[in-house]
Structures are given as structure tokens and as C-alpha cells.
Amino acid sequence: MPSCARLIRSVCLCLCLALALLPALAGPTASAQTGDKPAIAIGADLASQGGTTRLTLTLSRAVEARGFVMERPDRAVIDLPEVNFQLESGTGSRRDGLVQSFRYGLFAPGRSRIVIDLANPATVGRIETTTGAKDGAVLLTIPLQRADREAFRRAAAAADPAPAQARPAAPEPADQRPLIMVDAGHGGTDPGAIAVGGVFEKDIVFGFAQALVEKLEAGGRYRVRMTRDRDVFVPLAERVHLAREAKADLFVSIHADSISAAPQVRGATIYTNSEKATDLESAKLAERENRADAAAGLDAAEAPPDIADILQELTLRETRGFSSGFARTLMGQLSPVMEMSTKPHREARFVVLRSPDVPSVLVELGYLSSKRDLEMLQSPEWRAGVTGSMAKAIDLFFTNRASLGRPTMTRRSAAVAPVLP
């Protein structure tokens, strides 16, 4: 049976490769018609010998790759042009030699990334590309070579992080409708929580965020934007920056937690920002979420510096008041249509909620570790009801705020102290 399974897998890989190579085989005319599509990754293998572990990708065509390493935690990062990863489920959980596990996905528009969790310090050797003599497949081999801690530290210090992501243009000033920024958590190389069966948090929350955006746009009362509009990684600080740069009037971050040790725990929780967490559970969740950048091969996100100017401090207090007010309104609308946790409104120090002038909430829709919650999170009917209630809460929030205006940094404040990044 094992040999039969290997044979079936080989046939499937060959078929995928043949389909991927069809445009090239069709000649110049077909290539001009289809355009330059991303390379397709149809296989990934690990092999170790001595102090070297090699990760080899089977690709439909050659691509250029660059690698570097990072500390705390120890990782090797491989940057590539956009690649369509069509790998078997569970591929990244393999462990061999210097590789503890690896993740892959779209990192930014036109760019993909592989993040390798290292079992021991290692450096990235010369990345090689070879073409198979028979089937024409391209093999991209990434060698990882064992290194002592000092050599690894020097290599990490010399790493050149990827350039900042492109940012959308500012909104048209003529449109005075409130702007809602909807933030689908995680994405790209950062899958977030993973349910039994391989369901990713990033996919669950992205589908929900899209449904919420459609609901809000259908009403015509708001301008709506997303921090990511596809399966791509966006750093935490960049999500805050996007909301502030667009002068958003409300920031709603969508997540779905997981507690594998307590599958009986379920229900939604709404979080607002605070330096002191409501409880230990909230503090631990914020700590996990704040490590999202590290999971995607960036330095862990850091909170903006403390505010020294008294006027900026007043603005921050006003913003937190609006955030808490919206959280209570949202809780009132969600309670009749979905299960809420034992403490439905909590506070913690989330980096993604630390905008000083944009009211912000983070909504944990439920727990992927709960079978019942997972079923509801995947139900279109449930999603339609919940997004409808969230839209009603947003309507109430802006109706009550109509005479209050948006929190803004005052001109005096901007003159004596820089606006937080």
C-alpha cells in the first residue's frame, strides 16, 4: 500500500506539473496571451546529511530567491517572487535535521515568503536551481548549514529585512461618509490558530471580514476598506498605520482564538486596548497576537512610545472612551444572535489596537478548538446574521457620535510633539 500511495502521489505531481507547463509548451503566442503567471510549487522535500539540511521545492519554472536568518526565535527566511503553493496538507509540519517546521504563503503583493523555524542555529547557504532532465521540473534547493551561536548572531545582524509594503492612496476628501477599516487577522505566511482538520484562522476571519464589508457597503452609509484584501501578510504596525493614514473613523479587527487544552470553552469576546489587561487570559492572548510579525519572519511588533504631551494624552483617553462605548454597543447587538464568552468585554495591550486617534476594537468570534464554534464560524447563515448585527452596532455608534466628532490630534499638540508612528 505505501508504494501504491507513492505512485499515486507521483502521478498527481506529474499531472500538476504538466498543467503548469502547458503555456510554455504552447509556444510564444500562448505565453503572450496568458501573461507572466506566478510559478507553481507542487512539491517540497527535506533531507539532512551531516550538518546540512536541504529544503527542495519542485517548481513549474525557475525563480530567484534570497535567504537570511533572524533571532528570537531562530528562523531562516526565504523571499521569492509570487509563488502559487499547491503543496500537500501538513507539508510545513515536517521536521528533519535543522528544520523544526516551516510556513509559506503570500507575503506582499507580488512576493511570497517561506519562514523556517530552526531546531538549531544555522545559516542559509547558496540557493541553487536545477532543471529535471526528464519532466522539465525546476528544483529550488535551499541549504541550511549548522552554525554556532556567535556565527548565527552575526548572520542575523547582517540580514536585510524586506522593504515596507505599499500603502493605498488617501481617501477622496469630498466623500464625508465615515470610513470603517476592517482588519482580517493574520494572513499569508501567518496562519493564526489552526483547528483540528487543518482549518486556518486566517481563512475563517478573512471570509467573515469580506462578508462584513459587503454588508456595510450595501447600506451606502460608509466608506469601507480592508487592511488586506487577499491572503497576504500585513505587519501589525502597518495595520495601525493604514487606519491612521486613511483617517479611519473606526477600526474593527476580526480574529478567532483556539485553546486546544480546553475544547469546551467557546463564545465571542470583544477587546479594547489598555496597558493593564482585564485578566491573565487576556494578557496571554494579547502576547500571542503581538507575536504575529515574528511568525511571518519580521522582528516582533513593538508598541508606539509613551505619550508625553498632555494634549495627546487627552486625545488617547477620548479615543479609548469611544472604543469602549462601541464595544458595549457591539456586545448588546451580538448577544442575541451568538454565544458570548463569560466576560464578553475585556481589555489588553494589543499592538493592533494602539492607534491614539482611531477608535478600535478586536473581536474574537469564537474558538477554533470548539467543535460547535467551528461549525458556526463556517456557516454562511450564521455569518450573515452576525455581520448584520455588527452593521447595526456600527450604525448606532455613529448615530450617537454625530454631534461629538472624530478624535483628532490638536494643532497645538502636533506642533509640540510628533504624531505617533
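The values are calculated or read from the model by the stated rules, or taken from the named source; none is laboratory data. Please read all numbers here as calculations on a predicted model, not as lab measurements. For neighbour counting, all protein chains shown are included, and Cβ atoms are generated from backbone atoms with ideal geometry for every residue, glycine included. Note: areas computed on protein heavy atoms with side chains; ligands, DNA, RNA excluded. Shrake-Rupley method; radii C 1.70, N 1.55, O 1.52, S 1.80 Å.
Sort out which residues of segment 111-126 are open to solvent by less than 40 Å² (accessible area, probe 1.4 Å) and either in contact with a Ser or Thr (Cβ under 6 Å, 6 or more places away or on another chain) or in a loop (DSSP other than H, G, I, E, B) (or both), and write them in order of number.
Selection gives Arg113, Val115, Asp117, Ala119, Pro121, Gly125.
Within segment 232-243, can one find any residue that is modelled with pLDDT of 95 or more, under 20 Å from Val386 (Cβ atoms) and out of contact with any Gly (no Cβ under 7 Å at 6 or more places or on another chain)?
Scanning segment 232-243, I find no residue that is modelled with pLDDT of 95 or more, under 20 Å from Val386 (Cβ atoms) and out of contact with any Gly (no Cβ under 7 Å at 6 or more places or on another chain), so the answer is no.
State whether the residues of segment 76-96 include one that is in a strand (DSSP E or B) and either closer than 14 Å to Asp190 by Cα or at pLDDT below 90 (or both).
For segment 76-96, residues in a strand (DSSP E or B) and either closer than 14 Å to Asp190 by Cα or at pLDDT below 90 (or both): present.
Please find, within segment 194-242, the residue that is farthest from the chain's Cα centre (by Cα) out of those that are open to solvent by 20 Å² or more (accessible area, probe 1.4 Å) and among the aliphatic types (A, V, I, L, M).
For segment 194-242, the residue satisfying everything is Ala218.
Considering only segment 259-272, I want to know if a residue exists there that is farther than 30 Å from Asp79 by Cβ, modelled with pLDDT of 90 or more and out of contact with any Lys or Arg (no Cβ under 8 Å at 6 or more places or on another chain).
Checked against the condition, which is being farther than 30 Å from Asp79 by Cβ, modelled with pLDDT of 90 or more and out of contact with any Lys or Arg (no Cβ under 8 Å at 6 or more places or on another chain), segment 259-272 yields at least one hit.
Hey, among the residues in segment 97-118 that are small (Gly, Ala, Ser) and at pLDDT 90 or above, which one's nearest to Val69 (Cα to Cα)?
Ser101
Could you list all residues from segment 52-100 that are under 23 Å from Ala119 (Cα atoms) and either loosely packed, with under 14 Cβ neighbours inside 10 Å or basic (Lys, Arg) (or both)?
Hits for segment 52-100 are Arg54, Arg66, Arg72, Pro73, Arg75, Glu88, Ser89, Gly90, Ser93, Arg94, Arg95.
Cβ-Cβ under 6 Å, sequence separation 6+ or interchain: first residue in segment 180-194 and farther than 14 Å from Asp293 by Cβ, partner open to solvent by 20 Å² or more (accessible area, probe 1.4 Å) and in a loop (DSSP other than H, G, I, E, B). Which pairs?
Listed by first residue and then by second, the contacts come to Ala193/Ser258.
Count, please, the residues in segment 245-258 that happen to be assigned to a loop (DSSP other than H, G, I, E, B) and either at pLDDT 95 or above or of a type outside the set (S, T, N, Q) (or both).
Selection size over segment 245-258: 4.
Select from segment 209-244 the residues that are in contact with a Lys or Arg (Cβ under 7 Å, 6 or more places away or on another chain), farther than 24 Å from Ala286 by Cβ and assigned to a helix (DSSP H, G or I) and list them in ascending order.
Result: Ala211, single match.
Per-residue answers, yes or no, for (1) surrounded by 15 or more Cβ atoms within 10 Å (Cβ to Cβ); (2) among the polar types (S, T, N, Q); (3) closer than 25 Å to Ala384 by Cα; (4) at pLDDT below 95:
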{"residue": "Glu289", "(1), (2), (3), (4)": "yes, no, no, yes"}
{"residue": "Asp293", "(1), (2), (3), (4)": "yes, no, no, yes"}
{"residue": "Ile310", "(1), (2), (3), (4)": "no, no, no, yes"}
{"residue": "Leu316", "(1), (2), (3), (4)": "yes, no, no, yes"}
{"residue": "Lys343", "(1), (2), (3), (4)": "no, no, yes, yes"}
{"residue": "Ser355", "(1), (2), (3), (4)": "yes, yes, no, yes"}
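Okay, residues lined up against (1) at pLDDT below 90; (2) in a helix (DSSP H, G or I):
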{"position": "Leu13", "(1), (2)": "yes, yes"}
{"position": "Cys16", "(1), (2)": "yes, yes"}
{"position": "Leu19", "(1), (2)": "yes, yes"}
{"position": "Lys37", "(1), (2)": "yes, no"}
{"position": "Ala44", "(1), (2)": "no, no"}
{"position": "Leu57", "(1), (2)": "no, no"}
{"position": "Val63", "(1), (2)": "no, no"}
{"position": "Pro73", "(1), (2)": "yes, no"}
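This table checks each residue for (1) open to solvent by 20 Å² or more (accessible area, probe 1.4 Å); (2) modelled with pLDDT of 85 or more; (3) closer than 26 Å to Val363 by Cβ.
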{"residue": "Ala155", "(1), (2), (3)": "yes, yes, no"}
{"residue": "Gln165", "(1), (2), (3)": "yes, no, yes"}
{"residue": "Ala170", "(1), (2), (3)": "yes, no, no"}
{"residue": "Pro173", "(1), (2), (3)": "yes, no, no"}
{"residue": "Val182", "(1), (2), (3)": "no, yes, yes"}
{"residue": "Asp190", "(1), (2), (3)": "no, yes, yes"}
